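Down below is the structure, laid out as structure tokens.
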Amino acid sequence: MDEPLIYQGKSFINFRDYEFTDPRDHAYRWVDVKHFLIGREPARNEDLVTTLIAHPQFRDNYASDEEGRLDPTGERHGDYWARHITAASYTHVTASAAADTIREWAHQFGPLPEALTNDLQTVALTPLADADCYRLGELDDEFLHDWGGSHIDFHEFVLINRSAGSLSLLVATDD
């Protein structure tokens, strides 16, 4: 494989697709996981994160509809101008800390439907267990793009699983 990261597609969980006791409890939340194969393998995890940041699939505003989120200008990522995000913007965290963050965020408004709990386990929590996890820190407000700050909660993790030869970009947020 000549490319350092090969995009393989994504998994998407929209809380609105599940039946909550109170229909408003979905709170317009969702989880997006982009999957990559590690091709030409950089020596350090930080180099893989840098390679991810340069990948076109990283340029996602996570705010418009699922099909139209890739930023055609390549300038935005989440709430921030992409040019301000570097490997140093990510902090190594334990898999259990990352899983706790996802669970706390998912359950913040109460219990989840069983089907959603199962899908979160499969798509987000199980892959965390075998990965080196890096969390995007909160950047200064001066790095917000022109309409950044639209997410109430924005949790982003890079999951590197060298034994599986994979990298995943996991975002849990609201719209």
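The values are calculated or read from the model by the stated rules, or taken from the named source; none is laboratory data. The structure displayed is predicted, hence computed values, not measured ones. Virtual Cβ from ideal backbone geometry, glycine too; neighbours counted across all protein chains shown. With ligands, DNA and RNA removed, areas are computed over all heavy atoms of the protein, side chains included. Shrake-Rupley method; radii C 1.70, N 1.55, O 1.52, S 1.80 Å.
Just name the residue that is modelled with the lowest pLDDT out of those in the range 147-175 that are among the hydroxyl-bearing types (Ser, Thr, Tyr) and under 19 Å from Thr91 (Cβ atoms). Write out each step before concluding.
Looking only at the range 147-175, we keep the residues that are among the hydroxyl-bearing types (Ser, Thr, Tyr), and these are 150, 163, 166, 168, 173.
Keeping just the survivors that are under 19 Å from Thr91 (Cβ atoms) gives 168, 173.
On the way: Ser168: 97, Thr173: 87.
Within the range 147-175, the match that is modelled with the lowest pLDDT is Thr173.
List every residue pair whose Cβ atoms lie under 9 Å apart, where the two residues are 6 or more positions apart in sequence or sit on different chains, the first residue falls within the range 81-104 and is open to solvent by 20 Å² or more (accessible area, probe 1.4 Å), and the second residue, located anywhere, is among the small types (Gly, Ala, Ser) and in a helix (DSSP H, G or I).
Ala95/Ala129; Ser96/Ala129
Would you point out which residue out of Glu41, Glu67 is farther than 19 Å from Thr117 by Cα, modelled with pLDDT under 75 and assigned to a helix (DSSP H, G or I)?
Glu67
Residue under question is Ile53, and the condition is that it be open to solvent by less than 20 Å² (accessible area, probe 1.4 Å) and part of a helix (DSSP H, G or I); does it hold?
yes
Which of the residues belonging to the range 14-38 are modelled with pLDDT of 80 or more, open to solvent by 50 Å² or more (accessible area, probe 1.4 Å) and either closer than 29 Å to His107 by Cβ or hydroxyl-bearing (Ser, Thr, Tyr) (or both)?
Listed by number, the residues that qualify are Arg16, Asp17, Glu19, Thr21, Tyr28, His35.
Exactly one of (1) modelled with pLDDT under 95; (2) open to solvent by 50 Å² or more (accessible area, probe 1.4 Å); (3) among the hydrophobic types (A, V, I, L, M, F, W, C) is unmet by Leu128. Its number?
The failed condition is (2).
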